[in-house]
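**Q** Structure in structure tokens, see below.
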Amino acid sequence: MEDMYYNYPVNLPDVSRTQSVVHIRHPHKIRDEDGRSRREYPRQQKQDMRFAQEQQRSAEQIAHRQNVAPPVPRREMSPFDIYSQMTMRTLQPIQKKTIVDGVEWSDKILATLTGLKYGVKIDTAKTVNWDSTGGEELTPQQIESLREAYDIHKMSPQDRYDLLCDLTHAKAISAMDIHQMHFPAVGNFQYPEGMRETSLQDTSPEDLLEQIRRDLAVLQDRSAFLQSADFWRENPQASKKEYENYLHALTQRLSSLEHLEHVFSQMERP
């Protein structure tokens, strides 16, 4: 039967299986002053261990009573703060991202898309107001300021990015307008010659207004074709659902480009 003194709450050696004293790690013989060797008696060892444990418990209780300092409130940390503390690396703040028609957009994505086609790096010092819903009319002062800053018929990729930033902050165009500028509606249908829908990424960015007008003319012809009987003669295999989805996407893009043409035309210099 085990001795009652063996049930200690601290991690101490099992004295029932060793003859060592508290301060001796491994059992071994010790020598008296007269030189004779002997082993420590287990009972004395148990008493020493019990005394040491009581001393430790008393010290912990005293320390707890004396700890009168108010608890330090825990500061909530983001995953990036934790990562920075663990790795000693500083993370750049994440740019705001917006989902438009199922596509993720951010300043960096727009800058990359604008500059990649032409092999240039776009400075994102200006930001896009991705919360803009558009529809606001430009004031005469805003129009004059934009005319001085940009030549709508001679735009560099950087100018194009900066202009979109300015117009979204003026709430003249929306995030959806930017999306529709860069992605044509997707539909695998047959069209007459000359009705190929293009993206602004397929052409030079210099004359932005002329590009909008060219794509707008193609979209208007294509929209009229979609709603005619000729479409079904050319595409007998098309399903009704596919047709309706594409017509809806095309109508959205047509609406955005018409609005963009209205905004950009106000910026033409006399």
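The values are calculated or read from the model by the stated rules, or taken from the named source; none is laboratory data. Note that the coordinates shown come from a computational prediction; the quantities given were computed from them, not determined experimentally. As a convention, Cβ positions derive from the backbone with ideal geometry for all residues, glycine included, and neighbour counts pool all protein chains shown.
**Q** Looking at the range 52-73, is at least one residue modelled with pLDDT of 70 or more, under 30 Å from residue 206 (Cβ atoms) and surrounded by 13 or more Cβ atoms within 10 Å (Cβ to Cβ)?
**A** no
**Q** Let me ask something else. Considering only residues of the range 224-257 that are of a type in the set (Gly, Ala, Ser) and within 41 Å of the chain's Cα centre (by Cα), which is farthest from residue 211 (Cα to Cα)?
**A** 239
**Q** Oh, and also: Just wondering, is there one or more residues in the range 161-169 that are in contact (Cβ under 8 Å) with a residue 40 or more places away in the chain and closer than 15 Å to residue 206 by Cβ?
**A** Looking through the range 161-169, at least one residue is in contact (Cβ under 8 Å) with a residue 40 or more places away in the chain and closer than 15 Å to residue 206 by Cβ.
**Q** Any residue that is within 21 Å of residue 172 (Cβ to Cβ) and without any contact (Cβ under 8 Å) to a residue 24 or more places away in the chain - is there at least one of those in the range 232-252?
**A** No, that holds for no residue.
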